[in-house]
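Since the structure comes first, as structure tokens, the remarks are kept for the end.
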Amino acid sequence: MTVTLESLTTCFQGLIPSLFFTCSSDGIPNAAYLSHVEYVDREHVALSFQFFNKSRRNIGENPNALVFVPDPDTGQGWSLRLKYMRSETEGPVFDRMALRIEAIASYCGLKGIFKLRAADIYRVASVEALPESPASDRTLITPSKLDPIFTVKALQDLSARIQRADSLEALVDSILEGLEESFGFKNSYILIPTDQEGVLVTMATRGYAAGSVGAEVRYGEGIGGMVAEARKPIRISGLLRGMLYALAMHRAGREPHLTRLARQIPVPGLSNPESQLGVPLLVRGDLVGVLCLESEVPYRFHEEDKASIELLGGYLAIAIQNMQWQERAADAGVETVPAQKDAENVADTSPGGTNGHELGGEHKLVYYGADECILVDGEYLIRGLPAKILWRLLSIRQATGREEFTNRELRLDKSLNLPEWKDNLESRLLLLRRRLEQKCPAVRLTPRCRGRFAIEVGCPVTLNVQP
Amino acid sequence: MIDPELAAFLEQGIGIHIGTRNDQLHPNGARAVAAKVEGAGSHLVVYVAEIAAARLRADLESNGQAAVVFGRPEDERSCQVKGVFVDSRSATENEHPLLQKQWDGFLGQLEMIGIPRVSATNWITWPAVAIRLKVTTVFEQTPGPQAGAQIA
């Protein structure tokens, strides 16, 4: 049976270490482990060139090499006879490999330390099964390969959920819910750009402990930040092994242990993620957000998953952007709450709270102007534009007793300084609402109708401004 | 050449591969099952499944050059022992428990990085050939800029 290289793409995920055998011109063999082998096309693979090590020197003298790659699905080992062709320092193969290295390093807090010098391209002369490593006839590492995930039915289900969503909140929740129920991706989150350049924030999560909404990620940090920076999807299998490899490189092998990893894994995220997939949500080049999926299964996301999710990402990006525009367009028809309404609201306000929504004792909210940040009873609540919006709402409420507001008046409020175009106000309000639910449930933003909402305060609050 | 600390690392049950080359300088290789340091560190015995050792035999008998790489998946610590072929023989039944113990240790290491034992269910480890090498050099191989530094 002739084995084609493209049939072995599952072997090129770096899940199980690959072996690289070379030989110097004076006949001394060399054997070394490889971080991973990259599939290029049906006749070529690429190996990462990061250091001038013995393997690399040997290749300079003698282009013949041998690589062992194991199939993570079956356990079958494969032997590839290679011949070095050239080194690439730019282009899609180089970019893909460099991004993978950076994503893993970033996840370990080691971004920028490891540089890919080149993607070394090898022609594959032959592919043979290793007789000592035959395929397992029992349960495979991941049975998912046998069960296509992206079926038309699953896509239809997700599409139907999205179609039913009547607000941005319902939309992002339905996306993550659909990814779990239709596709089986249990851990996911959506990041959106903040008003601060190069910073993303978690807007919706599924499968994680509560409290991760509002977590900020800078461009280049972790898989979400890397995806935003590169505007390309990233898939990492065997993340733990990749992290161990990166840490080993960083520490030069002085006995690092697994427990050290825990301190370097940021939130939101699984404590021991093995597979990650990040997809930019792009509409005509604009970054609407980043969708991140995680799994504790080492080889959860296959190549076809990445391609399918990328396609899906385009659809989701349009859906999110359309909803943002739709909500914004609806604002135009919503009138600012009149003064008389304010008076009614003042009359409704009880000392302890509004609308029967009473929760706990007094809360102290402090706004730090320099950081544009709000703390509730000494704990971080939110910062940036959502913080400014909340402070504005609470200040007006305290001064006038007014509780109902419109998105439109926020847009017109010069003190908030929202950009005229692409202000993402609905996303900011959604983020603010969720942070309040998590950190200060006594204060709620309750939608009244499209473009109009109320701020409900269920207990006495004191407002304090600090520089 | 191989001090006791390094010998303990090599014999603890980790990933082992042996590389050779033919007369045209084309490399060959095989996964090994276990290793044992002998002669106060001067020699290394590498146990390779018979079915895999067959493709190394001609190289070893022809030019004798060999490289053995050890890797511990838990932390990616790795080193490479280079040596010259001395002799080979079938592994004995008395040695079988040693091979099983080290192989089990290796599978345990794989489990630590998320690879279940079941994936190696059919990997062949026995009968095995004991390939004895005279150690010439030892190199640090842990990923990073120090990889390739001679340590013995």
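The helix-only estimate of mean residue ellipticity at 222 nm for chain B, built from DSSP H runs of length n ≥ 4 each weighted as -39500 (n - 2.57), is -7500 deg cm²/dmol after division by the residue total.
For A:Ala204, the residues whose amide H sits under 5 Å from its own are A:Ile190, ignoring neighbours fewer than 5 places away on the same chain, with H placed 1.01 Å from N. Given R0 = 22 Å, the distance between the Cβ atoms of A:Arg218 and A:Glu181 translates into a calculated FRET efficiency of 0.10. A simple spin-label model places pseudo-atoms 7 Å from Cα toward Cβ; at B:Gln24 and A:Asn464 they are separated by 8.1 nm.
Would you please name the chymotrypsin sites (Phe, Trp or Tyr not before Pro) within segment A:364-465 that are DSSP coil residues with at most 16 other C-beta atoms within 10 Å of their C-beta? Spell out each step's value before the answer.
Working: sites: A:Tyr367, A:Tyr368, A:Tyr380, A:Trp391, A:Phe405, A:Trp421, A:Phe453; in loops: A:Trp421.
Answer in residue order: A:Trp421.
Springs join every pair of Cα atoms under 10 Å in this Gaussian network model of chain B, and among B:Ala40, B:Ala49, B:Ala130 the largest mean-square fluctuation is at B:Ala40.
Between amide H atoms placed 1.01 Å from N, distances below 5 Å from A:Asp71 occur with A:Gln76, A:Gly77, A:Trp78, all of them 5 or more places distant or on a separate chain.
Within a 10 angstrom radius of the beta carbon, how do A:Cys11, B:Cys79 rank from fewest other beta carbons to most?
Least to most surrounded, the residues fall as B:Cys79, A:Cys11.
With bins 10 Å wide beginning at 0, the percent of Cα pairs of segment B:39-151 falling in each bin runs 13, 36, 40, 11, 0. Starting from segment A:3-96, pick out the chymotrypsin sites (Phe, Trp or Tyr not before Pro) whose DSSP state is loop and whose Cβ has at most 16 other Cβ atoms within 10 Å. Of the chymotrypsin sites (Phe, Trp or Tyr not before Pro), the ones in loops of segment A:3-96 whose Cβ has at most 16 other Cβ atoms within 10 Å are A:Phe52. Under 8 Å for C-alpha pairs, at least 6 residues apart: give me the relative contact order for segment B:31-152, rounded to a whole percent. Computed value for segment B:31-152: 34 percent relative contact order. Distance between the modelled labels on A:Ser415 and A:Asp377, one decimal in nanometres: 2.7 nm (7 Å Cα→Cβ projection). Between A:Arg57 and B:Arg57, the C-beta separation translates, for a Förster distance of 30 Å, into a calculated FRET efficiency of about 0.60. For segment A:425-467, relative contact order (Cα pairs under 8 Å, six or more residues apart, normalised by length) works out to 24 percent.
Restricting the trypsin sites (Lys or Arg not before Pro) of segment A:197-236 to loop positions (DSSP other than H, G, I, E, B) with no more than 15 neighbouring Cβ atoms within 10 Å leaves A:Arg231. For A:Ala160 and B:Gln146, the FRET efficiency from 1/(1 + (r/R0)^6), where r spans their Cβ atoms and R0 equals 51 Å, is about 0.35. Computed from label points 7 Å out along Cα-Cβ, the spacing between B:Asn94 and A:Leu311 is 6.4 nm.
Every number here is computed from the coordinates shown, using simple stated rules; none is lab data. These numbers were taken from a predicted model, which means no experiment stands behind them. Reconstructed Cβ throughout: ideal geometry from the backbone, glycine too, with neighbour counts over all protein chains shown.
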